[in-house]
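K.L.:
Mind looking over this structure? Questions follow.
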Amino acid sequence: MQIKRLRITGFKSFVDPADLRIEPGLTGVVGPNGCGKSNLLEALRWTMGEVSAKSLRGAGMDDVIFAGTATRPPRDFAEVSILAEIAGDEREIVRRIERGAGSAYRIDGRDVRAKDVGLLFADAATGAHSPALVSQGRIGAVIAAKPADRRAMLEDAAGIAGLHVRRKDAEGKLRATEANLAKLDEIISDQDARAATLKRQARAAQRYRLLSAQIRVAEARTLFAHWRDAATASDAAKAEATTADTHVRAATDAERSAATDQHRAIEAVATARAAALAARDQAGDLAHQLATLKTEKTSVARRVADLAAARARIADDRAREGSLASDAAAALAALADEARTLDTAIADATAARPDLDVALAEAERAARDAEVSLAQALATQARDAAEVRVATAALAAARSRADRTDRDAAQIAAALRTLGDPAPLAADREAAAEARRDATAAADAARHAITRADTDEAAAVTSRDTAETAYATARADLAAIDSEMAALTKATRHSGRDRLLDHVSASAGYERALAAALGDDLDTGLDAWAGAAPHADDPAAPDNTTPLAAYIDAPPALARRLAQVFAIDTDEGQALAVGQRIVTRDGTLRRWDGFTATGTGAAAAERLVRRNRLGALEAERPTAAAALDRAEQARAAIDHQIAETRRQSQTARAALHRAETAARDAARNEDRAAAALERLAAQRADLDVRAHRIADDVADAHAERARAEAAMAAVPDGSANARLVATLQYDAERGRTAVAQVRADRTTLDRGIATHRERLSAAQADTRSWHARAGEAARRIADMDTRESALSVDLAAIADRPAHLDRDIATLDDAHRDARAAADALLATERAAEATARAADDAHRAATEALAVAREARAGAIARVENHEARRLDLGKLSGERFQCPAPVLPERLGFAVADVRAPTEESATHDRLATDRERIGPVNLVAETELAALEDASRGNAVERDELGQAVSRLRGSIGTLNREGRQRLLAAFEAVNGHLQRLFATLFGGGSAHLELVDSDDPLEAGLEIMVQPPGKRLQSLTLLSGGEQALTAVALIFGLFLTNPAPICVLDEVDAPLDDANIERFCDLLDRMARDTDTRYLVVTHNAVTMSRMHRLFGVTMIERGISRLVSVDLQVATGLIATG
């Protein structure tokens, strides 16, 4: 990957689009503090996938969007793109953020995940956290970092950041896969339990369907039997209805004839009764007229007398004017007498009226009683006829029920005799139960075996993980030893000339003492030493010292030299003889002449240390190789154990499957035998219950038949009631005649009372007149004359009236006698007509009763026809609803023979028995077979998935192990490479000295920390943290560049790295940059304030802030500018 351009829009202070072209070589970025230089590095890191707003100097990720200034509004988005060349193709990586909506990534215009972008840069040995992106404070962070944090830098240099990401993904997938595997095991267990339940439900459903099919056929047979009986009964009822209709027609003709005779008799009675009534009315009218004439005659005679008396009185009054009062009194007395007579007559008539009313009420009551008695008698007659019909129907129903119960009892007894013996079924059930128990025990044993095998396999897998870890550790240890030996062998290889250094060796810890003792003499050849043996007069050893020769393996030529060199832990200032030297184990030298030196022969000491280390490693390697062999053998043994446990688990699972199959078959046989026993017991119990019930029904039916026969015998014949009806009809007619006579008498009395009241009114008027005359004499006399004249006129008018009335009375008396005789004759005729009418009524009643009986018989037959037809139609409709075909087609549709269809009761009993058997099954899951098939398919899929998940777990564990091994190998290789680069760069930057890296705190390279041990020129070896600030900064730069050179990134950004360096170190730093730019393809982006560093850049970009808060880029190509100056 080669990064060519960084384009920024709306990112922090870069509100306007700005392009930062990153060319090969050194690109410098300069500008005053706060102008936005570091924003360029942050934009680069943000585009590579940085997710920490804090590392971008913000409180939230939206803070990277331009926030606005006093003159520029804030932006709603920020976008940064990187143009990079990958494998010869240019690709553009874009990250865009909108305020409040989050970030989005695109590669070549296609939306991708942040993870994809991170992996893309990680595979190119760069990224948001790449050690090649050195931001401000990074030098201090490296110095202050803990060893474990420094190891992360080493991991980046080793290029295993992607491995870490993949290992983390693999571990997440492993956890998810193991969780899925556990869930799948639970699902499989649940499915096994559900499968057992569904199998039982499927057996019940199969039995339910079989019984349902049988019930359907039995229902069809029963329906057909009922339809057949209904059709037969309908035909019989139709024939009976036809016969009954013939009888009705005959009875109708007889009734019509009797009705005609009755009508004629009634008309004759009515005619005779009307004639008799008319005669009686005529006689009554004549009698009334006669009485009226007689009364009128009496009134006229009295009126004549009154008129004569009035004339006489008027005459007397006129004659006796003086005696007017007495005359008035006499007149008033006479009128009073007349009024009293009239009052008496009225009172007598009024007194006679209640008697007539009582007589009329009594006559009407008697007539009503006769009518009520007649109606009651007729009702009793109809009730008796109805009771006869009811008793007849009840007797027929009782006889039919008794016959039916007798047949049902016989059928139940026959069914009880045909029931089988339950003993064989019980034996079958016990055998099946024993087989089921054996199979269950075998299944339990197989499950225990599976559990043991799974437990052993899990333990073996755990052991394999431990063995795998041990194998990887042993292999890593051996690889580390081999790698270190190779490095040490290369470092300790002879340079090609003979040197004394190659012929001497020191015990561990005395390498620096030997180097200090011999110093530059170690670079001389061995042939330069002629050799000198120790003399007896050589100086003795100082106090508390040991000759260095005791710790040195050297040629004999060095014996006398080494005999005068003494080793000591701490120099205590002992006196030395001429030629003697004291050296400490840390390389401090003091000669007899007072010369002291520290750190001399450091390179020789380092070579001696490496040779000792190489020897130690050569001694350790066989042990490490043996440990690797043992770990490999242990892993192979565990693999064999895992295979064996899996084979045992498969064998146990096969045994479990066979045992479960046998258990299911045995349970099925046991259920079948138990169901047969239950069915037999239920049939027997049902038949017993039905037998007891039918016995009670038989007794009840026979008792009911006896009661119906007794009731039929107790029904009256009705002849006495018929005679009573005839007598009551005569009495009712006689009562009606009496009522008519009393009503006529009452009418005559009312007329007489009205006449008397008229006369009383006239007398009262005369009385008032006499009183008036008595008060007014003069007027009375005039009135008398007037009255006399009027009386004369009145007397003249009625003078002949009595004679006329006598003649009229005589005539009316003769007519009355004749009318009375005619009425008596007509009454006799009426009585004869009534007798004829009663005979006609009896005949008509008999005909009506015969017609009613015939009609009732016909109605019953028609009702039975309609009932049977309706029943047949209902059965046909029911057949259509239940079986989608007419009832006659049922045998053909459902496949049974018509001749085999028994009576409806037998077919119904079969249907009820099958329905009872089906009901005893209980709730049924009719889709159990479908669910079981789906469940078995799911179980097979789950088994395959479980195997796949197991293989995936194994693969993931293997992948994690492989990633760990590869990570260790690459980390160790990177460690060696970084260590080598660090030593070289440290010597370059410091002009000497040495530095190296150490892995501390853990034997596992992936868990160990990284410590930096340095020895600046003229100083002792020490940790980084003990150096001065400048030395720490240079060492950190050396480490960063060492990391970078180990795994070169496509871009290296150095943000004010040169800030803590002085001018001399700046020159070394810039020289190192020039050399690295020539030796690598990395493009360098250097942010600096140092003029020396600026002058060494190939091109410069200036970041300015002409407008406050707004950053802009300007660029200068220094090489082109230098060329122009040279040519100018």
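FYI, it's all coordinate maths here, none of it is from the lab. Bear in mind the structure is a predicted one, so any value in this text is a computation, not a measurement. Counting neighbours? That spans all protein chains shown, and the Cβs are built from the backbone with ideal geometry, glycine included.
K.L.:
Helix 904-921 sits at what angle to the longest principal axis of the chain, using alpha carbons and giving 0 to 90 degrees rounded to 10?
P.N.:
30 degrees
K.L.:
Sum up the charges of everything whose Cβ sits under 12 Å from the Cβ of Arg166, counting Lys and Arg as +1 and Asp and Glu as -1, but leave Arg166 out.
P.N.:
Cβ neighbours under 12 Å give a net charge of 0.
K.L.:
So which lysines pass the test for Lys877, namely a Cα distance under 28 Å, with those fewer than 8 places away in the same chain ruled out?
P.N.:
Correct list for Lys877: Lys238.
K.L.:
Continuing with the same structure: What Rg and what Dmax come out for region 453-547 when only alpha-carbon atoms are used, in angstroms?
P.N.:
Cα radius of gyration and Dmax of region 453-547 are 25.4, 83 Å respectively.
K.L.:
Nearest 10 degrees is fine. How inclined is helix 423-491 to the longest principal axis of the chain, computing both from alpha carbons?
P.N.:
For helix 423-491, the angle is close to 30 degrees.
K.L.:
In terms of Cα to Cα distance under 18 Å, which aspartates and glutamates are near enough to Lys297, apart from those fewer than 8 places away along the same chain?
P.N.:
Within reach: Asp285, Asp306, Glu338, Glu758, Asp794, Asp800, Asp806, Asp808, Asp813, Asp814.
K.L.:
Sort out for me the Cα centre separation of region 922-966 from region 237-257, rounded to whole Å.
P.N.:
Region 922-966 and region 237-257 have Cα centres spaced 87 Å from each other.
K.L.:
Quick check on packing: order 840-853, 337-350 by the mean number of other C-beta atoms within 10 Å, highest mean leading.
P.N.:
840-853, 337-350
K.L.:
Can I ask one more? Ranked from highest to lowest mean number of other Cβ atoms within 10 Å per residue, what is the order of the peptides 795-807, 827-839? Please list the in-between numbers first.
P.N.:
On the way: 795-807: 13.5, 827-839: 17.8.
Going from most to least packed, we get 827-839, 795-807.
K.L.:
Let me ask you something else. Check cross-link reach from Lys168 to the aspartates and glutamates: straight Cα distance under 19 Å, and skip same-chain residues fewer than eight apart.
P.N.:
Glu50, Asp116, Asp123, Asp149, Glu155, Asp156, Glu178, Asp465, Glu468, Glu966, Asp1004, Glu1007
K.L.:
Taking K and R as +1 and D and E as -1, what net charge do the other residues with C-beta under 11 Å from the C-beta of Ile552 add up to?
P.N.:
Result for the neighbourhood of Ile552: -1.
K.L.:
Still on this structure: Can you give me the orientation-averaged projected area of the convex hull built on the Cα atoms of the chain, in nm²? All intermediate terms of the calculation are to be shown ahead of the outcome.
P.N.:
Numbers: hull surface 471.7 nm².
Orientation-averaged projected area of the Cα hull: 117.9 nm².
K.L.:
Once a ≥ b ≥ c are taken as the square roots of the eigenvalues of the Cα gyration tensor of region 497-616, is the result rounded (a/c under 1.5), prolate (a/b larger than b/c) or oblate (a/b not larger than b/c)?
P.N.:
oblate
K.L.:
Grab the other residues whose beta carbon is less than 15 angstrom from that of Gln376, score K and R as +1, D and E as -1, and report the net.
P.N.:
-1
K.L.:
Have a look at the DSSP beta bridges in the chain and tell me what percent are antiparallel, nearest 5.
P.N.:
75 percent
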